[in-house]
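Let me begin by presenting the structure, written as structure tokens, before commenting on it.
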Amino acid sequence: MQLKNCHNIKDFRKMAKSRIPSPLFHYIDGGADDEVTLRRNTQAFDTYDLIPNGLADVAEIDLTTTILGHKISSPLFLAPTGMSRLFHHEGEYASSKAAEKHGTYFGLSTLSSVSIEDVGAHTSGPKMFQIYIHKDRGLTYELIERCKKAKFTALCLTIDTIVAGNRERDLRTGMTMPPKFTLASLANFAMRPRWVMNYLTHPNFELANLVGRTEKGSQENISVIDYINSQFDTKLCWDDAKQAIDAWGGPFAIKGVMSVEDAKRSVDIGASAIMISNHGGRQLDHSPAPFDLLEEIVDAVGGKIEIICDGGIQRGTHVLKALALGANACSMGRAYLYGLAAGGQKGVEAVLEKFEAELKRDMMLMGLNSLDKLDASKVRRRNW
Ligand SMILES: Cc1cc2nc3c(=O)[nH]c(=O)nc-3n(C[C@H](O)[C@H](O)[C@H](O)COP(=O)(O)O)c2cc1C
């Protein structure tokens with residue numbers, strides 16, 4: 001299978017599956033518990049129809065929007081995801097460059113495999129750094145200072161990972177970072193010789209932002225679940241979020257907001273944006289889909305804070321529906337990671353190109369030439 005044969009995200013997923021060892025594929029693909037939330041995140045978009053209008057002069061389509069203080073070329077950006085070099089040897093270099101080429105945000109995780117400094121030097125596009133607060137509290141403020149020096153555009157604080165979600169696929173496959181080549185896992189890796197060759201001939205995998213602060217995840221193999229449960233601070237509260245916002249002093253999003261109450265708190269502490277997100281169904285199973293929460297959160301805080309809908313996005317029409325219900329932008333995780341695993345930077349670019357083409361075509365079919373014309377009159381809830 002080749003990138004040119006990938007016509008939608010399902011195709012990229014299939015190609016990713018054929019390229020990388022199964023523990024890594026299932027780490028990307030899987031969710032928590034019974035994966036109910038994971039499935040609903042995408043299914044939720046089917047509960048609304050789009051209502052098109054004709055004869056509206058759609059010769060020119062403007063997909064630009066401004067989010068977190070930066071104008072981006074499309075209302076969809078790359079959410080932060082950890083450890084990209086496990087999925088392709090180009091790692092976060094690939095995704096950040098693809099995002100730069102497409103004029104949209106790249107999200108860099110605290111648990112990335114390329115450092116803040118290297119991503120900062122590699123790309124001049126808009127960059128959001130995602131903070132996980134470790135028990136070592138000094139680390140948070142060091143990371144924030146490093147982001148200032150590396151000229152990051154915005155920060156986000158993830159609040160949904162106080163403890164690791166129960167990702168049973170990872171328990172079954174024995175997924176660790178760095179990957180452990182045991183007798184049991186050897187067959188999985190042996191079936192992907194190209195991945196193994198690239199992995200072994202490129203610099204060692206490490207949690208590049210945490211070198212010198214923890215050996216775990218770089219020199220010592222550890223499961224992601226054990227890493228989170230041993231390293232992250234379970235005492236995290238809203239005062240800590242406020243302190244991080246003050247320390248950064250620029251555009252700041254709270255990621256993982258899943259209730260009107262938390263959306264209002266985010267406004268109160270001075271955040272610039274919220275990312276309505278359940279971590280792609282990887283944390284609390286049976287939490288609602290971000291799209292299902294949009295209306296009530298927009299009702300409560302719309303206009304007071306920017307709203308990003310994160311989770312389940314696989315089509316341009318999904319983005320249009322979220323914007324019609326009041327989101328300012330959307331972000332995606334798996335969709336671009338499938339592209340990365342399938343073909344590195346070219347794969348992520350191919351995913352972004354597909355979305356851009358879909359968004360343009362869908363806007364034309366809707367009879368709309370700019371995103372500000374998308375409002376609640378352009379969608380209708382289905383009668384089930
Ligand atoms: C493999 C993988 C790793 C992720 N790592 C992080 C992370 O380090 N920090 C974070 O805040 N979110 C992380 N996420 C969640 C994404 O930022 C995003 O919220 C989620 O993927 C959106 O759902 P989607 O995959 O359906 O688009 C990760 C998601 C995936 C699939």
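The values are calculated or read from the model by the stated rules, or taken from the named source; none is laboratory data. Please read all numbers here as calculations on a predicted model, not as lab measurements. Cβ coordinates were reconstructed from backbone atoms using ideal geometry, including for glycine residues, and neighbour counts include every protein chain displayed. SASA here: full protein model, heavy atoms, side chains in, ligands and nucleic acids out. Shrake-Rupley method; radii C 1.70, N 1.55, O 1.52, S 1.80 Å.
Take region 144-163 and flag every residue that is within 14 Å of the ligand (Cβ to nearest atom), within 22 Å of T104 (Cβ to Cβ) and either in contact with a Pro (Cβ under 7 Å, 6 or more places away or on another chain) or hydrophobic (A, V, I, L, M, F, W, C) (or both). Across region 144-163, the qualifying residues are A154, L155, C156, L157.
So which residues in region 51-82 are open to solvent by less than 10 Å² (accessible area, probe 1.4 Å) and either part of a strand (DSSP E or B) or modelled with pLDDT under 95 (or both), if there are any at all? If the condition is that a residue be open to solvent by less than 10 Å² (accessible area, probe 1.4 Å) and either part of a strand (DSSP E or B) or modelled with pLDDT under 95 (or both), then I67, I72, L76, F77, L78, A79 are the ones that fit. Scanning region 246-269 for residues being open to solvent by 10 Å² or more (accessible area, probe 1.4 Å) and over 13 Å from C156 (Cα atoms) gives a total of 10.
Just need a number here: residues in region 297-329 that are within 9 Å of the ligand (Cβ to nearest atom) and either touching a Cys at 6+ places or on another chain (Cβ under 7 Å) or part of a strand (DSSP E or B) (or both). Residues meeting the conditions: 2.
Quick grid of which residues meet (1) surrounded by 20 or more Cβ atoms within 10 Å (Cβ to Cβ); (2) over 21 Å from E306 (Cβ atoms):
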position	(1), (2)
D49	no, yes
H88	yes, yes
S95	yes, yes
Y105	yes, no
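For A187, the test of being open to solvent by less than 70 Å² (accessible area, probe 1.4 Å) and assigned to a helix (DSSP H, G or I) is passed. Scanning region 133-147 for residues that are in contact (Cβ under 8 Å) with a residue 24 or more places away in the chain and either open to solvent by 60 Å² or more (accessible area, probe 1.4 Å) or closer than 23 Å to H70 by Cα (or both) returns K135, D136, R137, Y141, L143, I144, R146, C147. G326 - would you say it is of a type in the set (G, A, S), open to solvent by 40 Å² or more (accessible area, probe 1.4 Å) and without any contact (Cβ under 8 Å) to a residue 60 or more places away in the chain? Considered against the rule, which asks whether it is of a type in the set (G, A, S), open to solvent by 40 Å² or more (accessible area, probe 1.4 Å) and without any contact (Cβ under 8 Å) to a residue 60 or more places away in the chain, G326 comes out as no.
Before we move on, is F45 surrounded by 16 or more Cβ atoms within 10 Å (Cβ to Cβ), more than 25 Å from P178 (Cα to Cα) and either among the charged types (D, E, K, R) or touching a His at 6+ places or on another chain (Cβ under 6 Å) (or both)? Yes: the conditions hold for F45. Looking only at residues in region 115-143 that are hydrophobic (A, V, I, L, M, F, W, C) and more than 22 Å from A350 (Cα to Cα), the one that is nearest to the ligand (Cβ to nearest atom) is I131. Scan A94, A98 and give me the residue that is more than 12 Å from the ligand (Cβ to nearest atom) and out of contact with any Ser or Thr (no Cβ under 8 Å at 6 or more places or on another chain). Exactly one residue qualifies, and that residue is A98. The set of residues from region 261-284 being more than 13 Å from the chain's Cα centre (by Cα) and either within 10 Å of the ligand (Cβ to nearest atom) or under 20 Å from G82 (Cβ atoms) (or both) comprises Q283, L284. Whether a residue is assigned to a helix (DSSP H, G or I) and either within 16 Å of the ligand (Cβ to nearest atom) or among the β-branched types (V, I, T) (or both) was assessed, and F45 passes this test.
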